[in-house]
Amino acid sequence: MLKVPKLDDLTYEQMMQRAVSRIPSMTEEWTDFNHHDPGITVLQMYAWLTDMLDYYMSATGDVHVEKYLKLLGVEPKEGCPAGGYVVVEGLAEGTVLPVGTRFLAGTIPYETIRDYEVRENRFIAFFNEADGMLTDMTAFAGKDGDYAEGFSGKFNKEAAVWFCFEKPLLQGDGLYICVEADERRNPFDDSFRLCDLIWQIYTEQGWVEVTVRDETCGFLRSGFVRPDIPAKMEQFREPLSGRSGYMLRAVLKENHYDCFPRIGMVYVNPLQVVQKATVCKEGEVLSELRIGQTDGCAGQTLLFDYPDVWNFSLLLMGEDGNPAIWRRVKSFAGTGYADQVFVYEGDRQQIRFGDGIHGVVPPQKQSVYVTGLSCSLYGAGNVQAGELKEFAGTPDGSCRVSNPMPLTGGREREQLKDMISRMEESVFAQRRMASEEDYETIIGSTPGLLIERVHVIPGTVYGKLHRQNRGYNEVVAVVKPWTDEKRPDLSETYQRAIRQYIEPYRLLNTKVSIVQPEYVGIEIYGRVALQSLSEKEKNDVCAWLKKQIAEAGGEKKFGAVISSGKLFAGLEMLPGVVRVQELNLERVGSAAEKDDRGDIYLQEDALAYLEKIELEFV
C-alpha cells in the first residue's frame, strides 16, 4: 500500500530553529538572533506563512473525504421517510381517497401515495387443516397482535391454511398477511422459499386453483398476497364451527419448513402511506416560496433554507408568464447540456444550476419558485403500532384509522463516519473461505436459514473419526440448525442451500462437505442431601445441571468435556445442598468416550444434550 505523504511535517518552532541555525554559515555580520532583530521578525513571518500553507495543503476536509469515498463506489445514503400501511374503516363503499390524503400519529403527518377507492371487506376467520380436519384458530390469531400456527404440525399427508372473508375477493385485491418474524433467520431475498404452495378459492364449481403474487415468500415474512380471481367466489360454511364466508386457502404441496410459520391478522387492501407533509403540489405557485431570480450565469446558486425538506422541484417563470419545471437530481454526473435540472445541497441549504455542459444554464431574469415541496421528519417519523389514530379528512370522527404494524424505515442522511465504516466493511469483507473463521461466518450467514452453530474440521481429522478416506484438500463443516429439538437433523434443503451459497466463496482446490453434528445424550444419576428437601431446592439442583450441560464446551460447544468432578464440586456449592453423596454420568451415543474418572469426552463433531436426570434427594 502506498504511504500517504504528510506535508505538514514541521512545526513553526522547528522551522525557526532550522532557519536561525543556518545564518552563521551564510554571513558573519548577522550576530543578533533575538526577537527585536528585524531579520528575525522577517524569518518569523515567513515561518508562520509556510506553516499555514503546509497546514492547508495537508488538511483533508469532509468534502474531500466524501469525494474519495465516491471513487470507491461509496455514496451517502440519502435520508428516507418512514412508511407502512394503515387500515381505514367506516367509509362508504366506493369512496375515493385521493393521493396525499393525510393521517396523523399525534402531530406526525402521514400521506397516501396513490388514489384509493374504498372496497369494504374484512378478514373474519382463520383455520388450519391437517389431513382433512379443520381447526378454528381465529381466537388465537390477530387478537392483540397474537399469532397462531399456520400449518398444523400433526399432519401425515395434507396440510393447508384457510382464510375466510366477509365478502368475495375481487380482482386486484391485495391481502396483507402478518407473519411473526423470527429474528434468528438470516436475511433473504424474494426468491427464497421453504415450501411449495397451491392457492385455491371456493366457487360454485368447488375449489379452483388460482395464481398469486406472494410477497411473504411462503409465509416467512409479513407482506402482500395478491390473488388472481378468475371466477366469482361463493360462500363456504365450515361444518364444525358453523362459520361461513368466502374462502381462500393455501395447500402445502412440498414442505421444507424448518419451523412452521405463525400467522396473525390479515388486512384487505390496506393503504400505503409515507411520512411526509405536502406544502404545495407540483406546478403550484406560492408567493412565499419564491427564492430569487436567475442571472443567466453558469453554476448560479440560490439559498433555500426551508426546514426538513424531502423533495421538491423548481418552477421558472419569465415575463411572458410561461412556466418551466426543473427537476432535482442527485448530481450533475450523466446530465446533458440541454437537461433542465438542478442540485440541492441540503447541508448548505443551497440550490445550484448547471454550467451549460452538465445541465442547462437558465435564462436570466426568470423568477424561481419552489414547487411540489414535501417535508419529512425522516428518522423522527418512525412510530409504533397503534399510534396513528386520526384521519385528517373526517373531523367528525365518522371513520376509524389505525396502523396495525409499526411505521418504520425512516432514517437521516448518512453521516461521513457511517460512510467510512461502510467502506471499511466493504473493503475488508471476506470473499473467500480460507480460515476457520471465514467458513463459520459465511456458512452461518446463508440467506433464509436458521443456523445456530458451525464447526469446521479438516477432512483428514473427520475421516479418522468416522473411518473414512478424506483428502487433505477437504474441509468438513458441521452445521447445527436452530430448533427446540434435542437432536435436530440437517435437512437436505439446508445442505443444498448452504452448498449453493458458499460456492462463490470456495477456493478452487478445496472440497467442502456439509454434515450434521453427532449427538451425545448425557444421563446424570446420583444421590444429593438437601437441607429441607423442598421442591425449590430440588428444582434448583436440576436447573443448574441442565445449564451446565447446555453450556458445556464453551462458545464452540463441539467436542466438549463433561467433567464429573466439576459437576460434583459445583453441586456442593449450591445453596441448600448439604453434600453430594454420589454422582455418575452416562452417555447415549457412540460419539463420546468415558474415562476411568467418569468424565465424558465428546468427539470433535459432537454436541451434548441432556437426556435424563435421575437424582435421589435425601
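The values are calculated or read from the model by the stated rules, or taken from the named source; none is laboratory data. Nothing here was measured: the structure is a model prediction, and the numbers come from that model. Positions of Cβ are backbone-derived with ideal geometry, glycine not excepted, and every protein chain shown enters the neighbour counts. Surface accessibility is based on the protein's heavy atoms, side chains included, excluding ligands, DNA and RNA. Shrake-Rupley method; radii C 1.70, N 1.55, O 1.52, S 1.80 Å.
A few remarks follow.
- Surface exposure of the chain, expressed per residue as accessible area with a 1.4 Å probe, stands at 56 Å².
- Value of relative contact order over the stretch 157-245, rounded to a whole percent, pairs C-alpha under 8 Å and six or more apart: 35
- Total formal charge among the other residues, if their Cβ is under 15 angstrom from that of E120, Lys/Arg +1 and Asp/Glu -1: -1
- Three-way shape call for the stretch 132-283 based on the alpha-carbon gyration tensor, with the a/c threshold at 1.5: oblate
- Listed residues A529, A159, P447: farthest to the positive end of the dipole of the chain (Cβ charges): A159
- Each Cα pair under 8 Å and six or more residues apart adds its sequence gap; the mean of these over the residue count of the chain is a relative contact order of 13 percent.
- Surface composition of the stretch 159-236: carbon plus sulfur atoms hold 45% of the accessible area, using a 1.4 angstrom probe and ignoring ligands, DNA and RNA.
- Within the full protein context, the accessible area of I108 is estimated at about 30 Å² for a probe radius of 1.4 Å.
- Net charge of neighbours whose Cβ lies under 14 Å from the Cβ of R185, counting Lys and Arg as +1 and Asp and Glu as -1: -2
- Euclidean distance of C-alpha centroids, the stretch 39-84 and the stretch 146-178, integer Å: 58
- Length released on extending from R579 to K536, taking residue separation times 0.36 nm less the Cα-Cα span: 13.8 nm
- Spin-label proximity, V63 to the stretch 298-317 - amide N less than 17 Å from point 7 Å beyond Cα toward beta carbon: 299-304
- Calculated mean residue ellipticity at 222 nm for the chain: -5500 deg cm²/dmol, from DSSP H runs with n ≥ 4 weighted as -39500 (n - 2.57), summed, divided by the residue count and rounded to 500.
- Surface listing: S244, S563 arranged by accessible area from highest to lowest gives S244, S563, probe 1.4 Å.
- Checking every one of the chymotrypsin sites (Phe, Trp or Tyr not before Pro) in the stretch 415-522 against DSSP loop status and a limit of 10 other Cβ atoms within 10 Å picks out Y472.
- For K464, a cut-off of 17 angstrom between C-alpha atoms picks up these aspartates and glutamates, skipping any fewer than 8 places away in its own chain: E474, E518, E593, E604, D605.
- Ranked from largest to smallest solvent-accessible area, with a 1.4 Å probe on the protein heavy atoms, V427, V274 come out as V427, V274.
- Relative contact order of the stretch 455-539, taken over Cα pairs closer than 8 Å and 6 or more residues apart, is 27 percent.
- Counting charges near G459 (Lys, Arg +1; Asp, Glu -1) among other residues having Cβ under 9 Å from its Cβ returns a value of +1.
- Sorting V512, V561 by solvent-accessible area of protein heavy atoms yields V561, V512, largest first, with a 1.4 Å probe.
- With 0.36 nm allotted per residue and the present C-alpha distance subtracted, the I325-A338 stretch has 3.3 nm of extension available.
- Estimated FRET transfer efficiency when R0 is 56 angstrom, pair L465-D418 (beta carbons, to 0.05): 0.75
- Were the residues from Q293 through A543 laid out at 0.36 nm apart, the gain over their Cα-Cα distance would be 82.3 nm.
- Loop-located trypsin sites (Lys or Arg not before Pro) across the stretch 424-506 with a Cβ neighbour count of 10 or fewer within 10 Å are R431, R467, with loop assigned by DSSP.
- Normalised by residue count, the chain yields a Cα convex hull volume of 352 Å³ per residue.
- A DSSP coil position with no more than 15 other Cβ atoms inside 10 Å describes the following GluC sites (Glu not before Pro) in the stretch 193-251: E204, E215, E234.
- Set of the stretch 527-549 residues, backbone N closer than 16 Å to the point 7 Å along the Cα-Cβ line of K594: 527
- Cα-based reach from K154 at 17 Å (exclusive), listing lysines while leaving out same-chain residues under 8 positions away: K253
- Atom-type composition of the exposed protein surface of the stretch 1-151 places 58 percent of the accessible area on carbon and sulfur (1.4 angstrom probe).
- Peptide ranges 358-371, 571-584 listed from the most packed, as the mean C-beta count within 10 angstrom indicates: 358-371, 571-584
- Part-to-part distance (alpha-carbon centres) for the stretch 460-537 and the stretch 547-618, which is given in Å: 19
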